[in-house]
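Here's the structure, in structure tokens; my notes come after.
The values are calculated or read from the model by the stated rules, or taken from the named source; none is laboratory data. Worth saying up front: this structure is predicted, and the values here are computed from it rather than measured. Positions of Cβ are backbone-derived with ideal geometry, glycine not excepted, and every protein chain shown enters the neighbour counts.
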There are 2 protein chains.
Amino acid sequence: MPQYNPPLRDMQFVMHEVLNVVDELKLLPAHADMDVDTINAILEEGGKFASEVIQPLNLSGDAEGCKLDKTTHEVTPPKGFKEAYAKYVEGGWPALGCDPEYGGQGLPVIVNQAFYEMLNSGNQAWTMYPGLSHGAYEALHAHGTPEQKATYLPKLTSGEWTGTMCLTEPHCGTDLGMLRSKAEPQADGTYKITGAKIFISAGEHDMAANIIHLVLARLPDAPAGSKGISLFVVPKFNVNADGSLGERNGIYCGGLEHKMGIHANSTCQMVLDGAVGTMVGQPNKGLAAMFVMMNAARLGVGNQSLGLTEAAYQNAVAYAKDRIQMRSLSGPKAPDKAADPIIVHPDVRKMLLTARAYAEGGRALNTYVGLQLDKALSSDDEDERKECEAEVALLTPIIKAFITDNGWIATSHCMQVFGGHGYIHEWGMEQFVRDARINMIYEGTNTIQSLDLLGRKILGNNGATLKKFGKKIATFVEDEGTDEAMQEFINPLAELGDKVTKLTTEIGMKAFGNPDEVGAAAVDYLRVVGHLTFAYFFARMAKVALQKKDSGDPFYTAKLSTARFYFAKLLPETASLIRTCRAGLSPLMEMDEALF
Amino acid sequence: MPQYNPPLRDMQFVMHEVLNVVDELKLLPAHADMDVDTINAILEEGGKFASEVIQPLNLSGDAEGCKLDKTTHEVTPPKGFKEAYAKYVEGGWPALGCDPEYGGQGLPVIVNQAFYEMLNSGNQAWTMYPGLSHGAYEALHAHGTPEQKATYLPKLTSGEWTGTMCLTEPHCGTDLGMLRSKAEPQADGTYKITGAKIFISAGEHDMAANIIHLVLARLPDAPAGSKGISLFVVPKFNVNADGSLGERNGIYCGGLEHKMGIHANSTCQMVLDGAVGTMVGQPNKGLAAMFVMMNAARLGVGNQSLGLTEAAYQNAVAYAKDRIQMRSLSGPKAPDKAADPIIVHPDVRKMLLTARAYAEGGRALNTYVGLQLDKALSSDDEDERKECEAEVALLTPIIKAFITDNGWIATSHCMQVFGGHGYIHEWGMEQFVRDARINMIYEGTNTIQSLDLLGRKILGNNGATLKKFGKKIATFVEDEGTDEAMQEFINPLAELGDKVTKLTTEIGMKAFGNPDEVGAAAVDYLRVVGHLTFAYFFARMAKVALQKKDSGDPFYTAKLSTARFYFAKLLPETASLIRTCRAGLSPLMEMDEALF
């Protein structure tokens, strides 16, 4: 059975040695009393929860899956899930990143995010139950009426109730403008909602007393398309004025999806049959309100694949050190054994280091963006808030798509290290691969992310936000450019920065001629910019490691080796990606649709 | 449910218009009477079997899996599998590529191979039952005693009995030198074999009256390592002198593996408890004898992923034409509909064309190698036989690794085209991905293939075989170099050929200093050479398509577009691969094992 050790040392390195998050957090009124010890203590406890409570349920949960009682419409998640959730609530974990006004602990985003990385490493399917709740919490917190907030936020904060996002319908996922669910206004100010939703994660289960669904639907007089969609809160059980649970509402699970992975999460087809809801935010502005949730969710999805990458890496390393098979080509390395441990083979190391570098790069990028998000949420300087918000918006599709694509590559490599055993369920490696696959799809496919990045976030403002981020890289390059030891990192970083600038301009020019050029280049372009961010953070990490490598702590030696590996073996992918970006649209469009 | 249409037109194009296989086959005494119509008629009938008989069982077979009765040790494959196999036998299909001396039809390898591509498209898990049999047939045909041949080959040819390969043990897969199963010689010339085997595909089932296991084991006095392994034939039921079935032999299924994919194939843990067997070939030379089977199996595995790539492509195209979602960035393309079919989006086309190009390139390479194999087996010129054999040996690891890695990429892309629906079992797309994953592992992991290619097949003879194959490319470049219309294909092909020559020399030089340099470069190197072969065959296909494009048959227009797409969007991967090859060994080895 797979194992998991929370990577506390690396988290602390990124937070305290590279990004100095405490110094930055202290400038924010909400986090003025934050300190290193508090963060570390929470991560340590959180790591125990992830590794001791939910990780042991990951493999069994996958094998068992969820069960739907078609008479009662009730869903039972796998054995142990309910009890683990009770412990989660008892430990006060749901409140970590919530507003103290509603009983939350008001901790910074970066702390909650690091905690979630570990939860995802332990058990992605389980983590989606509280994860979706937190999304619902955020949407209500941002757009709910005072009554809605008073009714729902304390219970979502305590974890007594969970939440969902009900967006997708059978005929529309990416294109929510086509959705058909209807909301009929009632005399008492509520709405009766009717429709069919699919792919609703954590849509029904027995782990919490109530489930708060956030549902997109159309008012009777709504304009067509995406400008006619409103957001509603629809509880599983209606809530009485005194906060107690009332009648069962007309929203229920009509079927469970049979999926490639995340078997232990209940992915539900939800039927709304005149379910009673109240509106969240303004009529016909539901999509905008839902996007609050969606952006957070996109960062969360990147974090899911980061968690899986780390977990897969750890297990592949353990196997590669233990499994003996063949001799090293350069002569026996373990002559006392019948064969060498497979970690002596260069390609096994390449697969392991790929996963390691993708985990470490992803962790640095995620933590950086988490910190910018804390500033965007809590700075008392409006300009800083706006600037940080724009940077988070720029980097969100990169986290979502780059880290999940990397997670797919990394988990597959880690599975490959196990040879035939990797294909067998009991080792847990193929589960990481299957679970990782959904992250490239949901919350906006990775193609959608790339269009968001290139079309909206970059070309949409003539590259202004990208330029600002690029300036940070340029400043770092300038500052470190004279340090001999940093050349191996700084030179390729500077070179890639220049190439990105040039490539962006080129695509922008071509897009004037034909907007489809954006769609032709976007996916490859996103990976190029993803590598630029990883190269930047690996260079920053290398700088710290170089400063401390004589400390005797081998952590710094390892960090330098990983950074070198990243620059030597992963960054060169950009050479091809830039070429395929440049190859442009015509090779994609010349074939007539009928000839496919 | 997924659909499948046998790609007969493309198969015929490759065989008859590009490779002119009939002209070549007619030079071989065994196939002197072969003609185009015969080949086409067989493929058409074979395609019907694949699409009408076994394809409808693919999705249900995956959901149902195999069942083991732990008391009787009998395994029941999914519903319909036994009946489909009976039809297969009744149709005479097992005999297609078998020796007429034992009841076979003696058809060329390329015909059997094209038939198997279609079977794999229809149902890889089902196809493995007859596929493994054919491997056992080949090993016995090459190394069996006259008695063994007389006993087993007619029944394997008719399909009344099936066969397996029993190699892997829990502690050894790649490194068969460590295997422990024991064979005790008996007074009557037979052996009693004891041991535990795992991952035995089609190891037990109820589809045939007997199962002929080929088992690797050690004689009591065998030297240690791979030079002490012998091969035995161990039937499930002993065979009486009159050919009738005797007692149940001591080989049985102890457990079924729970796998990521190919659920419908019974992957068995086989227990040998004093099972009676007879030796195949010479004592202690079992590994060499087994390699006959293994090489054929490696080509077969590449063919499996080719089949999956084609099937996934067809279904993704159908979905992309049908599913409407969002508008084209360059303006509505289906203004009468609520949204455009997603095939208008450039990245959807990129995913589709990637699968298409990998299918068409793989089919050309496979057919070419099949033809060389026919010549290696049936030419009456010994020099030609040897030359063809060497070329097949060179290209086998490329087929195994390049086509299966491509299949993983392609099936995943095709699944992505379906968005969230791709992740759901009922659409069948995620099954293609899960099934495709095993092909990168079994019959020698893709890392092992790359070491075989670079270390043994190329550097092992100072590049002589590669040079011969390279000369064919150079001749083609020379011949077509003056044709203006061919420049777009010929120039990048010629350039890549030069780069491969240089890269091979570079790695060879470095390997003198440290043999681990081979292991560091091999996987990336194999993909570079894989692309060289695809570029060569796409250029050859483009040549034919250019000659015929005014014929009015849109097939040629489509072929040219696919070739252009391949050169513009897939071949550039070599730019990165060459860089990472060159980055060499040190970034992989600098980290101390303890620091992983």
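Computed quantities for the displayed model
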| quantity | calculated |
| --- | --- |
| Condition met for residue B:364 (within 14 Å of chain A (Cβ to nearest Cβ) and surrounded by 20 or more Cβ atoms within 10 Å (Cβ to Cβ)) | no |
| Segment A:426-461: number of residues that are of a type in the set (Gly, Ala, Ser) and over 30 Å from residue B:329 (Cα atoms) | 1 |
| Among residues of segment A:7-58, those that are among the acidic types (Asp, Glu) and under 22 Å from the mean Cα position of the chain (by Cα), counted | 3 |
| Those residues of segment A:24-56 which are surrounded by fewer than 18 Cβ atoms within 10 Å (Cβ to Cβ) and of a type in the set (D, E, K, R), in sequence order | A:26, A:33, A:35, A:37, A:44, A:45, A:48, A:52 |
| Flag for residue A:465 being surrounded by fewer than 22 Cβ atoms within 10 Å (Cβ to Cβ), of a type outside the set (Gly, Ala, Ser) and touching a residue at least 60 places away in the same chain (Cβ under 8 Å) | yes |
| Qualifying residue in segment B:433-455 (condition: more than 25 Å from residue B:314 (Cβ to Cβ), over 16 Å from the mean Cα position of the chain (by Cα), surrounded by fewer than 24 Cβ atoms within 10 Å (Cβ to Cβ) and more than 13 Å from chain A (Cβ to nearest Cβ)) | no |
| Filter result for residue A:358 (within 15 Å of the chain's Cα centre (by Cα), crowded, with 24+ Cβ neighbours inside 10 Å and not small (Gly, Ala, Ser)) | yes |
| Filter result (among the aliphatic types (A, V, I, L, M) and surrounded by fewer than 17 Cβ atoms within 10 Å (Cβ to Cβ)) within segment A:211-270 | A:224, A:241, A:245 |
| Given (1) farther than 25 Å from residue B:185 by Cα; (2) in a loop (DSSP other than H, G, I, E, B), index of the condition residue B:303 fails | (2) |
| Residues (farther than 30 Å from residue B:470 by Cβ and either buried (at least 21 other Cβ atoms within 10 Å of the Cβ) or more than 14 Å from chain A (Cβ to nearest Cβ) (or both)) located in segment B:368-420 | B:411, B:412, B:413, B:414, B:415, B:416, B:417, B:418, B:419 |
| Boolean, residue A:247 is farther than 15 Å from residue A:128 by Cβ, among the acidic types (Asp, Glu) and part of a helix (DSSP H, G or I) | no |
| Residue in segment B:423-432 that is nearest to residue B:294 (Cα to Cα), counting only those that are more than 7 Å from chain A (Cβ to nearest Cβ) and crowded, with 24+ Cβ neighbours inside 10 Å | B:432 |
| Pairs, first under 17 Å from residue A:231 (Cβ atoms) and free of Cβ contacts under 8 Å to residues at least 60 places away in the same chain in segment A:128-140, second assigned to a helix (DSSP H, G or I) and among the aliphatic types (A, V, I, L, M), C-beta under 6 Å, six or more apart | A:137/A:156 |
| Selected residue (criterion: surrounded by the fewest Cβ atoms within 10 Å (Cβ to Cβ)) from residues of segment A:513-540 that are among the hydrophobic types (A, V, I, L, M, F, W, C) and either in contact with a Phe, Trp or Tyr (Cβ under 6 Å, 6 or more places away or on another chain) or away from chain B (no Cβ under 12 Å) (or both) | A:532 |
| Every residue from segment B:93-111 that is free of Cβ contacts under 8 Å to residues at least 60 places away in the same chain and either within 21 Å of residue B:307 (Cβ to Cβ) or crowded, with 24+ Cβ neighbours inside 10 Å (or both) | B:96, B:97, B:98 |
| Residue in segment A:384-393 that is of a type outside the set (Val, Ile, Thr), under 15 Å from residue A:307 (Cα atoms) and either at pLDDT below 95 or more than 17 Å from the chain's Cα centre (by Cα) (or both) present | no |
| Positions within segment A:548-596 being among the hydroxyl-bearing types (Ser, Thr, Tyr) and either outside the structural domain of residue A:496 (by TED's automatic domain parsing) or over 30 Å from residue A:10 (Cα atoms) (or both), in sequence order | A:576, A:580, A:586 |
| Every residue from segment B:306-334 that is part of a loop (DSSP other than H, G, I, E, B) and within 22 Å of residue A:521 (Cα to Cα) | B:325, B:326, B:327, B:328, B:329, B:330, B:331, B:332, B:333 |
| Residue match in segment A:485-496 (condition: within 16 Å of residue A:451 (Cα to Cα), of a type outside the set (A, V, I, L, M) and at pLDDT 95 or above) | no |
| Segment B:395-446, residues that are under 18 Å from residue A:258 (Cβ atoms) and in contact with a strand residue (DSSP E or B) (Cβ under 8 Å, 6 or more places away or on another chain) | B:420, B:423, B:424, B:425, B:430 |
| Only listed residue being away from chain A (no Cβ under 14 Å) and among the charged types (D, E, K, R), chosen from B:298, B:349 | B:298 |
| Odd one out for residue B:575, checked against (1) more than 7 Å from chain A (Cβ to nearest Cβ); (2) surrounded by fewer than 21 Cβ atoms within 10 Å (Cβ to Cβ) | (1) |
| Elements of type strands (runs of 3 or more DSSP E) in segment A:95-212, at least 2 residues being more than 30 Å from residue A:312 (Cα to Cα), hydroxyl-bearing (Ser, Thr, Tyr) and modelled with pLDDT of 95 or more | A:191-201 |
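Residue by residue, here is whether (1) in contact (Cβ under 8 Å) with a residue 60 or more places away in the chain; (2) more than 7 Å from every other protein chain (Cβ to nearest Cβ); (3) touching a strand residue (DSSP E or B) at 6+ places or on another chain (Cβ under 7 Å) holds:
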position: B:549; (1), (2), (3): no, yes, no
position: B:552; (1), (2), (3): no, yes, no
position: B:555; (1), (2), (3): yes, yes, no
position: B:567; (1), (2), (3): yes, yes, no
position: B:579; (1), (2), (3): no, no, no
position: B:582; (1), (2), (3): yes, yes, no
position: B:587; (1), (2), (3): no, no, no
position: B:592; (1), (2), (3): no, yes, no
position: B:596; (1), (2), (3): no, no, no
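One line per residue, one yes/no per condition, for (1) surrounded by 22 or more Cβ atoms within 10 Å (Cβ to Cβ); (2) of a type outside the set (Phe, Trp, Tyr); (3) more than 30 Å from residue B:348 (Cβ to Cβ):
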site	(1), (2), (3)
A:491	no, yes, yes
A:502	no, yes, no
A:543	no, yes, yes
A:552	no, yes, yes
A:563	yes, yes, yes
A:566	yes, no, yes
